[in-house]
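Report on the following structure.
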Amino acid sequence: MANSVKLAVIPVAGKGTRLIPLTKSLPKEMLPVGRKPVVQYVVEELNRCGLQKLLFITGPTKTAIENHFDLDMELINHLRQTGKEKLLMELAYEKADLQYFYTRQRRQLGLGHAILCAESFVGKEPFVVALGDTILGVNAKARIMERMIQVFEEKEADAVIAFEEVPEDEVHRYGIASPVDLTDPNVFQLANIVEKPSPAEAPSHLAVASRYVFQPEIFEYLKVTKPGKNDEIQLTDAIQSMIADGKKVYGVRVTPEEHRFDIGNFESYFSAFLEFAVSDPDYGEVIREKIKKFVK
């Protein structure tokens, strides 16, 4: 049975300042990880879930993302004419049964504001939010979004959020789940989300993992959410308000194999590229041997 969620919103408007100079003229979502740019993994993940329409929330310097998902007949013809037909398989993503839409976040006012930019696109339908700078699982083989949509439908939820277990010394970097209970450690209703708590104050080690499913009522909460740190509208604040109003908000735990790769700084970018490189079906073994020589 086809799922009821067909729309996805992909925020890609961030400036990527922690990755300068790489991101001075190139969107961080277009940085290569293994054989593909980050955002292609995200789109392929959403495509596997049966989503049909994708809206990118973009900003200045992000036109490379639009170009990447265009059908490039000039390149296709060039590959055919020069006997490089095998490379056409690498462009198969261009033919995915997806519709792409783009709108600008004209001011950098946070993730909550970026999602508000999608209101006219979403209308009254449920929708997914997938951050465009985060890959789940090596080669994006994660099935977390499928499970989230299933929970969303079965529980008649107002929102479903992905969570990943993180070490205690990292909880201060994330929104952390406060579950009603953990009778089922993989699917749980939320009593709250605590934003960047100290290890002593953290109600769990379950950190928000960059994937969401929402009913369109989230927009009403975002509209009345007051700007927080850096004068930004925080999505977490709007979700907390939903929970306080008695809305049904659930968490779904990602598996260890669906580990999150957040391409937000050089350490995480280098780590992601390295793990994808050593997992490459053609070159992984060679890369592993080279690494052994480097680290002697």
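Observations on the structure shown:
- Residues of the range 193-223 satisfying the condition of being outside any loop (DSSP other than H, G, I, E, B) and on the phi > 0 side of the Ramachandran plot: S210
- Screening the candidates F273, F188 for the property of being within 17 Å of F152 (Cβ to Cβ) and not in a loop (DSSP other than H, G, I, E, B) yields one hit, F188.
- Filtering the range 277-296 to residues that are in a helix (DSSP H, G or I) and either open to solvent by less than 90 Å² (accessible area, probe 1.4 Å) or not hydrophobic (A, V, I, L, M, F, W, C) (or both) leaves A277, V278, G284, E285, V286, I287, R288, E289, K290, I291, K292, K293.
- Among the residues examined, E125 qualifies as in contact with a strand residue (DSSP E or B) (Cβ under 6 Å, 6 or more places away or on another chain), open to solvent by 20 Å² or more (accessible area, probe 1.4 Å) and farther than 29 Å from L22 by Cα.
- Identity of the residue in the range 168-185, over 27 Å from A13 (Cα atoms) and assigned to a loop (DSSP other than H, G, I, E, B), that ends up modelled with the highest pLDDT: V180
- Residue count for the range 224-260, restricted to those that are outside any helix (DSSP H, G or I), of a type in the set (V, I, T) and in contact (Cβ under 8 Å) with a residue 40 or more places away in the chain: 6.
- The range 256-276, residues that are open to solvent by less than 70 Å² (accessible area, probe 1.4 Å), of a type outside the set (F, W, Y) and more than 20 Å from G175 (Cβ to Cβ): S271, A272
- V43 being within 30 Å of E153 (Cα to Cα) and either buried (at least 17 other Cβ atoms within 10 Å of the Cβ) or in contact (Cβ under 8 Å) with a residue 40 or more places away in the chain (or both): yes
- Qualifying residue in the range 5-12 (condition: free of Cβ contacts under 8 Å to residues at least 60 places away in the same chain and under 27 Å from T225 (Cβ atoms)): no
- Residue selected from the range 51-76 under the condition under 16 Å from K95 (Cα atoms) and assigned to a strand (DSSP E or B), by the criterion most open to solvent (accessible area, probe 1.4 Å): K53
- Residues of the range 102-122 satisfying the condition of being outside any loop (DSSP other than H, G, I, E, B), of a type in the set (S, T, N, Q) and surrounded by fewer than 16 Cβ atoms within 10 Å (Cβ to Cβ): S120
- Those residues of the range 145-167 which are hydrophobic (A, V, I, L, M, F, W, C), surrounded by fewer than 23 Cβ atoms within 10 Å (Cβ to Cβ) and either within 11 Å of the chain's Cα centre (by Cα) or not in a loop (DSSP other than H, G, I, E, B) (or both), in sequence order: I149, V151
- When each of T183, T225 is tested for being within 22 Å of P256 (Cα to Cα) and among the polar types (S, T, N, Q), the lone residue that passes is T183.
- Test result for A238, surrounded by fewer than 20 Cβ atoms within 10 Å (Cβ to Cβ) and among the aliphatic types (A, V, I, L, M): no
- Failed criterion for V180 (all others in (1) open to solvent by 20 Å² or more (accessible area, probe 1.4 Å); (2) among the aliphatic types (A, V, I, L, M); (3) farther than 15 Å from V151 by Cβ hold): (3)
The values are calculated or read from the model by the stated rules, or taken from the named source; none is laboratory data. Bear in mind the structure is a predicted one, so any value in this text is a computation, not a measurement. Note: ideal-geometry Cβ built from the backbone for every residue, glycine included; neighbour counts use all protein chains shown. Keep in mind that these areas ignore ligands, DNA and RNA; they rest on the heavy atoms of the full protein, side chains included. Shrake-Rupley method; radii C 1.70, N 1.55, O 1.52, S 1.80 Å.
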